[in-house]
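Have a look at the structure that comes next, please.
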Amino acid sequence: MLQLNFPNYTFKIKNIENADYIFDEIRKKYIKLTKEEWVRQNCVNFLVNEKNFSQLFINVEKTLKINNLSKRYDIVVYNSDGSIKLLVECKSPEIKITQKTFDQIAIYNMNLKAELLMLTNGINHYYCKIDYNNQCYKFINDIYNK
């Protein structure tokens, strides 16, 4: 797969009927290896190995309802009290991170109320801290598990 802007991680990959599948340590199953899934799996490893978030507090690809529509977020990291620390939106490497991408994660976050947002296409990573009092977000240089 394409080299991403993450450290190199080791993954379990297997071929089933001429398609590659990657083992998802969070969901505990093999998932079809698409470009977006490659970004998502690298991002999960980045959050666990570099940012020290516990796998126990990470959720991957879950459905949420927004205006009676079913949407699916990529990655959520919870705090120990059940509130959401981080919401991550992953895109395929050839997808540019645009205002539309920020709008998408902002809409998801209206329901989820995360403290931090991360957007990545595996090449470019953007981090935001949410200011609920002033109803805005501020770009930050990095995320930390504090």
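Once the Cα gyration tensor of segment 85-146 is diagonalised, what are the square roots of 5 times its eigenvalues, in whole Å and ordered largest first, as equivalent ellipsoid semi-axes?
Numbers: eigenvalues 70, 36, 20 Å².
Gyration-tensor ellipsoid for segment 85-146: 19, 13, 10 Å.
Can you give me the angle between helix 99-112 and the longest principal axis of the chain, using Cα atoms only, in degrees from 0 to 90, rounded to the nearest 10?
70
Any chance you could give the angle, 0 to 90 degrees and rounded to 10, that helix 35-49 forms with the longest Cα principal axis of the chain?
Tilt relative to the chain: about 70 degrees.
Dipole magnitude of the chain about its Cα centre, charges +1 at Lys/Arg Cβ and -1 at Asp/Glu Cβ only, in debye to the nearest 20?
So the magnitude is around 240 debye.
While we're on this one: First measure r as the distance between the Cβ atoms of MET110 and ASN59, then evaluate 1/(1 + (r/R0)^6) with R0 = 22 Å and state the FRET efficiency to the nearest 0.05.
According to the calculation, E is roughly 0.80.
Per DSSP H run of at least 4 residues, take -39500 (n - 2.57); add these up for the chain, divide by its residues and hand me the 222 nm value, nearest 500 deg cm²/dmol.
Counting only the DSSP helices, I get -6500 deg cm²/dmol.
In whole angstrom, note down how far apart the Cα centers of segment 1-60 and segment 67-146 are.
When both Cα centres are located, 18 Å separates them.
Ignoring chymotrypsin sites (Phe, Trp or Tyr not before Pro) that are buried or in helix or strand per DSSP, and keeping those with at most 11 other beta carbon atoms within 10 Å, what is the longest stretch of the chain between them?
My reading of the result: 1-131 is the longest stretch.
Count the DSSP beta bridges whose two residues both fall in the chain, then state the antiparallel fraction as a percent rounded to the nearest 5.
Approximately 85 percent, going by the DSSP bridge assignments.
What does the net charge come to around PRO93 if you take all other residues with beta carbon closer than 15 Å to its beta carbon, with K and R at +1 and D and E at -1?
Its environment carries a net charge of -1.
Also: With the cut-off at 31 Å, tell me which of the pairs LYS14/LYS91; LYS12/LYS113; LYS29/LYS138; LYS91/LYS138; LYS14/LYS100 have Cα atoms farther apart than that.
Pairs exceeding the cut-off: LYS12/LYS113; LYS29/LYS138; LYS14/LYS100.
Ok, one more. Quick one: divide the alpha-carbon radius of gyration of segment 40-83 by 2.2 N^0.38 Å and tell me what you get.
Normalised by 2.2 N^0.38 Å, the Cα Rg of segment 40-83 equals 1.29.
Kirkwood-based Rg over Rh for the chain (C-alpha set), two decimals?
Radius of gyration over Kirkwood radius for the chain works out to 0.95.
With an 8 Å Cα cut-off and a minimum separation of 6 or more residues, compute the relative contact order for the chain in percent.
Details: 232 pairs, mean separation 25.9, N = 146.
The normalised contact order for the chain reaches 18 percent.
Here's a follow-up. Could you list the GluC sites (Glu not before Pro) in segment 51-116 that lie in coil according to DSSP, counting only those with at most 13 other Cβ atoms within 10 Å of their Cβ?
In loop regions of segment 51-116 (DSSP not H, G, I, E or B), the sparsely surrounded GluC sites (Glu not before Pro) are GLU94.
Filter the trypsin sites (Lys or Arg not before Pro) in segment 99-145 down to the DSSP loop ones having no more than 11 other Cβ atoms within 10 Å, then list what survives. Write out the running numbers ahead of the final one.
Numbers: sites: LYS100, LYS113, LYS129, LYS138; in loops: LYS113.
Sparse-neighbourhood loop trypsin sites (Lys or Arg not before Pro): LYS113.
Label PHE102 and CYS136 with points 7 Å out from Cα along Cα→Cβ: what is the distance between them in nm?
Rounded to a tenth, the inter-label distance reads 1.1 nm.
The numbers here are math on the coordinates, done by the rules we state, and not lab data. These figures come from a predicted structure and were not determined experimentally. As a convention, Cβ positions derive from the backbone with ideal geometry for all residues, glycine included, and neighbour counts pool all protein chains shown.
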